[in-house]
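First the structure, in the form of structure tokens, and then the observations on it.
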Amino acid sequence: MAAHFYLRQKDVNQARKVFGLAIGKCPREKIFKAYVEMELQLANVDRCRKIYAKYTETFADSPTPWIKFAELEKNLDELERCRYIFELAVAQEEMNMPENIWRAYIDCEISLGEHDRARALYKRLLEKTKHLKVWLSYAKFEASLEDNQETARNVFREADKYFKENPELKEERLMLLEAWRETEQQFGDREMVEYVNQKMPKRVKKQRRIKLATTEDQPEGQGEEEGGWEEYYDYIFPDDPSGFKNLKILQKALQWKKTQAGGDK
């Protein structure tokens, strides 16, 4: 890169001109990164800030410039600036992998020992998404704090309630319960381990029709015909009355099938 050539010649002003020209004509992330790196080595913080401001403006939908900018301010102990940058980032309507921004923001507060702020961020994030990874990260955070077992349990309870109310997310609920049980084992609370065990579902094998699409230009659900059968596994939770009713019917059917098979011999 021409800028590096001028820098080796100790011609900083010319190097800056090259970087500025490159950003103006063909802005690329690697150019911004190299420019910031040069100014950091020269300890020109104000110039770094100006470059990052342009970087975030040019690549507003990329998490990288926002996170790096915030990290710069954190390393300078400019915590209010750091938080302001993170707040601008999470407010962006379009962002590639926004979870990276939230994770960096939360990790920043945790590293600063600001547990209440981190907790508040988790709650804000859960208002936007109820993804399993968010619940698990939140519960793991609470469990990592000293004498905070009950708060961690409350997160697990709240998450379990959400997944229970959304029966299409059975596998997610199972993974949540497994994580909860593992956490209770780490706490060494046998009663709570048994409590979670009683929530664990039964895994049953079922069959369903295979839908065969006949045309591509018809709306979903139309232009389909039934094919053969496929087996799949379902999960029946103890607190799902309808599910256990179906499980009992399935068990009776299997028992009848075995009886018939024995009678045919």
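The values are calculated or read from the model by the stated rules, or taken from the named source; none is laboratory data. Keep in mind it's a predicted model, so treat the numbers as computed, not measured. Quick reminder, even Gly has a Cβ in these numbers, built from the backbone with ideal geometry, and neighbours come from all protein chains shown. In case anyone asks, the SASA skips ligands and DNA or RNA and just uses the protein heavy atoms, side chains included. Shrake-Rupley method; radii C 1.70, N 1.55, O 1.52, S 1.80 Å.
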List the GluC sites (Glu not before Pro) in the stretch 86-141 that DSSP assigns to loop (not H, G, I, E or B) and whose Cβ has at most 12 other Cβ atoms within 10 Å. Which are they?
E93, E94
The stretch 83-203: translational diffusion in µm²/s, Stokes-Einstein, Kirkwood Rh over Cα pairs, 10 °C, 1.306 mPa s
103 µm²/s
Roughly speaking, to the nearest percent, how much of the stretch 1-155's 1.4 Å accessible area is carbon and sulfur?
48 percent
